[in-house]
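Beneath this line is the structure, given in structure tokens, with notes to follow.
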């Protein structure tokens with residue numbers, strides 16, 4: 001795939017994603033761009049996120065509610081995420097045991113070219129504490 005030069009909009013989207021410590025939906029990203037005074041259409045946000053995902057420049061996770069969320073990750077290697085279902089805060093997980101288990105299952109069942117994605121969802125410490133305080 002040919003590399004196009006980055007557009008002003010794509011650069012702005014990447015900047016917001018790099019500044020975020022959580023996954024963002026396209027709508028949340030659009031809102032963040034507007035708060036910064038940047039004029040980028042929602043359709044442009046979706047189109048650029050798809051391009052960035054296709055180029056593996058952002059990680060994409062499907063939230064429990066079915067919405068796709070995006071994050072700029074530092075890891076160049078295959079990894080997984082532990083994602084707060086409340087605030088979107090994410091932790092990158094690399095697990096050699098999981099990778100070995102996946103390869104073992106593939107061999108056992110005579111599969112090749114096996115890929116996988118594993119995303120874990122829960123509540124981060126802050127959201128868990130906040131939730132517990134609200135129940136009191």
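The values are calculated or read from the model by the stated rules, or taken from the named source; none is laboratory data. Note that the structure is a prediction, hence the values are computed from the model and not measured. Note that we place each Cβ from the backbone using ideal geometry, even for glycine, and neighbour counts take in every protein chain shown.
Of the residues 65, 21, 59, which is closer than 20 Å to residue 122 by Cα and touching a helix residue (DSSP H, G or I) at 6+ places or on another chain (Cβ under 9 Å)?
Numbers: 65 fails: touching a helix residue (DSSP H, G or I) at 6+ places or on another chain (Cβ under 9 Å); 21 fails: touching a helix residue (DSSP H, G or I) at 6+ places or on another chain (Cβ under 9 Å).
After applying the criteria, what remains is 59.
When restricted to residues that are under 20 Å from residue 60 (Cβ atoms) and either surrounded by 11 or more Cβ atoms within 10 Å (Cβ to Cβ) or touching a strand residue (DSSP E or B) at 6+ places or on another chain (Cβ under 8 Å) (or both), the range 100-123 contains 9.
I'd like to know if the range 42-52 contains one or more residues that are in a loop (DSSP other than H, G, I, E, B) and out of contact with any helix residue (DSSP H, G or I) (no Cβ under 8 Å at 6 or more places or on another chain). Looking for residues that are in a loop (DSSP other than H, G, I, E, B) and out of contact with any helix residue (DSSP H, G or I) (no Cβ under 8 Å at 6 or more places or on another chain), one finds none in the range 42-52, hence no.
Can you tell me which residue among 57, 64 is in contact with a strand residue (DSSP E or B) (Cβ under 7 Å, 6 or more places away or on another chain) and either surrounded by 15 or more Cβ atoms within 10 Å (Cβ to Cβ) or assigned to a loop (DSSP other than H, G, I, E, B) (or both)?
64
Looking across the range 30-42, just one residue is modelled with pLDDT of 95 or more and closer than 21 Å to residue 5 by Cβ, and that is 33.
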